[in-house]
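Working notes, structure below.
The values are calculated or read from the model by the stated rules, or taken from the named source; none is laboratory data. Values in this document were obtained by computation on a predicted structure and should not be read as measured data. All Cβ positions, even for glycine, are placed from backbone atoms using ideal geometry, and neighbour counts span all protein chains on display.
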Amino acid sequence: MSETVAARPAAPRSCLGRLRAYAAHPDPRTESCNWIALVVASNQPVYPLYLWWIVGGDWWIAVWTFLSTPFFLAVPFVARRHSAAGRALLPLAGIGNGVVSAKAFGVASGVELFLIPCALIALLAFRRSEWRPMALVLAAALGALLLHGHYGAPLGRFDAAQYAAFFRLNAYSIAGLSFVIAWSLGRAALGQKQRR
């Protein structure tokens, strides 16, 4: 008597297939947050190279930003267990990265402006019924903003021209990231409303 074994679904073999499977989530807002987190994490290893090429100075101090990389990479993992917690982890990791970066580079670098995309995520990633995690993230962003002027001397040294280039680089990065967040999360939220 032969037994029939249920065929297992084939595991994604390509790197992109694995990445898609890792980011996938039945909730569109959560899946958008997963992708945003993975995009940010993939950009972090090249950020020091941007600084070396565009800014100069103590560009190598950017290795401090790697402290947040595991948190960004963990967003889809956490979201699988608790959707709202995964969505909250994304902006909280960004806020933590902003605080570390402000100490590393100094506030003249404009890194505190990264609190804007973090607040944007808080406003778009949660439903009205999920006001508690939204309020937590917004309170964390406000708390980080209150640290302005209290970081002490930065870890790296940059002259006025380098800080101007640094600020421009961060301003363009923030504008691009904010556009991606608004497009991705706005589309996900709109799609959910239309399905109701």
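With respect to the conditions (1) at pLDDT below 95; (2) in contact with a helix residue (DSSP H, G or I) (Cβ under 8 Å, 6 or more places away or on another chain), residue 102 lacks only one, and its number is (1). Scanning segment 14-42 for residues that are surrounded by 13 or more Cβ atoms within 10 Å (Cβ to Cβ) and within 21 Å of residue 122 (Cα to Cα) yields a count of 18. Here residue 160 passes the criteria (1) under 14 Å from residue 111 (Cβ atoms); (2) of a type outside the set (Ser, Thr, Tyr); (3) surrounded by fewer than 17 Cβ atoms within 10 Å (Cβ to Cβ); (4) at pLDDT 95 or above except the one numbered (1).
With respect to (1) touching a residue at least 24 places away in the same chain (Cβ under 8 Å); (2) part of a helix (DSSP H, G or I); (3) more than 20 Å from residue 39 (Cβ to Cβ); (4) out of contact with any Ser or Thr (no Cβ under 7 Å at 6 or more places or on another chain), the lone exception for residue 167 is condition (4). Answer yes or no as to whether residue 107 is out of contact with any helix residue (DSSP H, G or I) (no Cβ under 8 Å at 6 or more places or on another chain), surrounded by fewer than 22 Cβ atoms within 10 Å (Cβ to Cβ) and β-branched (Val, Ile, Thr). Taking the combined requirement at face value, the residue satisfies it.
For every residue, the table says whether it meets (1) farther than 17 Å from residue 55 by Cα; (2) among the charged types (D, E, K, R).
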| residue | (1), (2) |
| --- | --- |
| 91 | yes, no |
| 99 | yes, no |
| 105 | no, no |
| 123 | yes, no |
| 132 | yes, yes |
| 148 | yes, no |
| 189 | yes, no |
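When residue 150 is tested against (1) touching a residue at least 24 places away in the same chain (Cβ under 8 Å); (2) not in a helix (DSSP H, G or I), just one condition goes unmet, and that condition is (1).
In summary, residue 80 fulfils each of the numbered conditions (1) in contact (Cβ under 8 Å) with a residue 40 or more places away in the chain; (2) surrounded by fewer than 17 Cβ atoms within 10 Å (Cβ to Cβ); (3) out of contact with any His (no Cβ under 8 Å at 6 or more places or on another chain); (4) within 20 Å of residue 184 (Cβ to Cβ) with the single exception of condition (3). In segment 142-157, of all residues being small (Gly, Ala, Ser) and more than 16 Å from residue 93 (Cα to Cα), the one that is surrounded by the most Cβ atoms within 10 Å (Cβ to Cβ) corresponds to 156. Looking at segment 88-103, can you tell me whether even one residue there is on the phi > 0 side of the Ramachandran plot, within 17 Å of the chain's Cα centre (by Cα) and not aliphatic (A, V, I, L, M)? No, segment 88-103 contains no residue that is on the phi > 0 side of the Ramachandran plot, within 17 Å of the chain's Cα centre (by Cα) and not aliphatic (A, V, I, L, M). For residue 72, indicate whether it is among the hydrophobic types (A, V, I, L, M, F, W, C), under 16 Å from residue 100 (Cα atoms) and under 12 Å from the mean Cα position of the chain (by Cα). The answer is yes for residue 72. Residues that are touching a residue at least 60 places away in the same chain (Cβ under 8 Å) and either crowded, with 23+ Cβ neighbours inside 10 Å or among the aromatic types (Phe, Trp, Tyr) (or both) do not occur anywhere in segment 127-141. The residues in segment 168-186 that are of a type outside the set (Ser, Thr, Tyr) and crowded, with 17+ Cβ neighbours inside 10 Å can be counted, and the count is 6.
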